[in-house]
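> Just passing along the structure, written as structure tokens.
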Amino acid sequence: MNLPLNPYLNNLPVYQPGRPIEEVARELGLSADSVIKVASNENPFGPSPLALAAMQKALAGVNLYPDGSAFYLKQKLAAKLGVKPANLVLGNGSNEIIEFLGHALLSGAGILPAQPDQAGWKPAPLDVVVSQYCFAVYPIVTKLFGANLITVPAKNYGHDLPAMLRAITPQTRLVFVTNPNNPTGTFAPREELVRFVDEVPDDVLLVMDEAYIEYLDDPADLVPLVRSGARKNLILMRTFSKIYGLAGLRIGYGVANAELVSALEKIRQPFNTNLLAQTAALAALDDTDHVRKTRANNSAGLELFARAFRDLNLEYVPSHANFILVRVGPGQKVFEAMQRQGVIVRPMGGYQLPEWVRISIGTPQENERCLGALKSALGKK
Ligand SMILES: Cc1ncc(COP(=O)(O)O)c(C=O)c1O
């Protein structure tokens, strides 16, 4: 092929999503109903019933383009968060917002033309600071835009925030902090986090990925820093994919200073969030029962797994999200052995944790089944 593709694509890691249940079931000769997937941190209770009903009503309107400005959803989110609609940007999943940030702050990194008056001058590539064991999409977007990834070693599997601060260089444009973190489930103590937010230099954007924040009992609320305008270099990213159970619809949002949001709005495709996604998200925000039930089930599930891992003498990382990381030895083999029993977990080789698997919290029945499959995979049953 002679197409002059973006050279940064050559070394780009490819995100490995879990395989579809139907495909795994077909390969194993099992019925799709009998296979459980606890690999992608989805809501085991499904979507909010209110969201389902609202989507059913909205279905007949899909011949029309969605509201490109997501007027009602922004109004509702703004009221809930105590910010202005101008502080909100919607993404096709919060993943898309990560890409917006690449366009806004990294575009052109390392490929700017040399300055003609300085022979051989090359711009220093821009830097992005992340923690070891960070969400896989940050390195992908960093590399796609030709920026340089600075990975700060984790501390007890979580972010070492003081070390991340020290890692910031004059070329740094973005710092990603995930709280709670995926795939480790760790969370940053409030005081440490607040100090960090305070100390990140003004010309570096701090991206606080809060995809799992609703699972925390008493999260540090950073929204007031956006509301008051105290931190203009902060964006909070949230999603409807996790506790709201709408992962298949792809909708998430960023909360930030209006000036940054208006820059991101220039990058956003006009109809990036679809009609059903907007409709479902609006309804899901009202479904406090669904959220409460999901959160309660999650805490009980986390406790169940932690207890079981202690009984089995397996190392695990105490989790504050809707999944738990456990050290099983040969992670890929254990994943395969569990999959043969119709239980799909996530092997962690791609995250440089080859001895670990990540298990999403399921319904009580799914959790028991998953533990049974794990014990049998480990020959402990
Ligand atoms: C830390 C983190 N951020 C963002 C996302 C992406 O969420 P979304 O479905 O909104 O794109 C995920 C999904 O797994 C995640 O774990």
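The values are calculated or read from the model by the stated rules, or taken from the named source; none is laboratory data. Computed from a predicted structure; not experimentally measured. Glycine also receives a Cβ, built like all others from the backbone with ideal geometry; neighbour counts cover every protein chain displayed.
> Would you confirm whether any residue within the range 38-51 is more than 16 Å from the ligand (Cβ to nearest atom) and in contact with a strand residue (DSSP E or B) (Cβ under 9 Å, 6 or more places away or on another chain)?
no
> Which condition number does ALA188 fail, the rest of (1) away from the ligand (no atom under 16 Å from the Cβ); (2) at pLDDT below 95; (3) closer than 30 Å to ILE359 by Cβ; (4) not aromatic (Phe, Trp, Tyr) being met?
Of everything listed in (1) away from the ligand (no atom under 16 Å from the Cβ); (2) at pLDDT below 95; (3) closer than 30 Å to ILE359 by Cβ; (4) not aromatic (Phe, Trp, Tyr), ALA188 misses just condition (1).
Residues checked against (1) of a type outside the set (D, E, K, R); (2) more than 30 Å from ASN367 (Cβ to Cβ); (3) in a loop (DSSP other than H, G, I, E, B):
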position: PHE45; (1), (2), (3): yes, no, yes
position: ALA51; (1), (2), (3): yes, no, no
position: ALA54; (1), (2), (3): yes, no, no
position: LEU59; (1), (2), (3): yes, yes, no
position: SER69; (1), (2), (3): yes, yes, yes
position: ALA78; (1), (2), (3): yes, yes, no
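> State all residues of the range 1-42 that are out of contact with any Gly (no Cβ under 7 Å at 6 or more places or on another chain), within 27 Å of THR142 (Cα to Cα) and of a type in the set (A, V, I, L, M, F, W, C); if no residue qualifies, say none.
Passing the criteria: MET1, LEU3, LEU5, LEU9, LEU12, VAL14.
> Quick check on THR142: is it β-branched (Val, Ile, Thr), within 16 Å of the ligand (Cβ to nearest atom), part of a loop (DSSP other than H, G, I, E, B) and touching a residue at least 24 places away in the same chain (Cβ under 8 Å)?
Numbers: β-branched (Val, Ile, Thr): yes; within 16 Å of the ligand (Cβ to nearest atom): yes; part of a loop (DSSP other than H, G, I, E, B): no; touching a residue at least 24 places away in the same chain (Cβ under 8 Å): yes.
Spelling it out, it is not the case that THR142 is β-branched (Val, Ile, Thr), within 16 Å of the ligand (Cβ to nearest atom), part of a loop (DSSP other than H, G, I, E, B) and touching a residue at least 24 places away in the same chain (Cβ under 8 Å).
> Please report, ordered by residue number, the helices (runs of 4 or more DSSP H) entirely within the range 173-273 with at least 1 residues that are touching a residue at least 60 places away in the same chain (Cβ under 8 Å) and either buried (at least 20 other Cβ atoms within 10 Å of the Cβ) or in contact with a strand residue (DSSP E or B) (Cβ under 8 Å, 6 or more places away or on another chain) (or both).
223-227, 258-267
> Check PRO85 against each of (1) buried (at least 16 other Cβ atoms within 10 Å of the Cβ); (2) within 30 Å of ALA263 (Cα to Cα); (3) touching a residue at least 24 places away in the same chain (Cβ under 8 Å) and name the one condition it does not meet.
Here PRO85 clears every test but (3).
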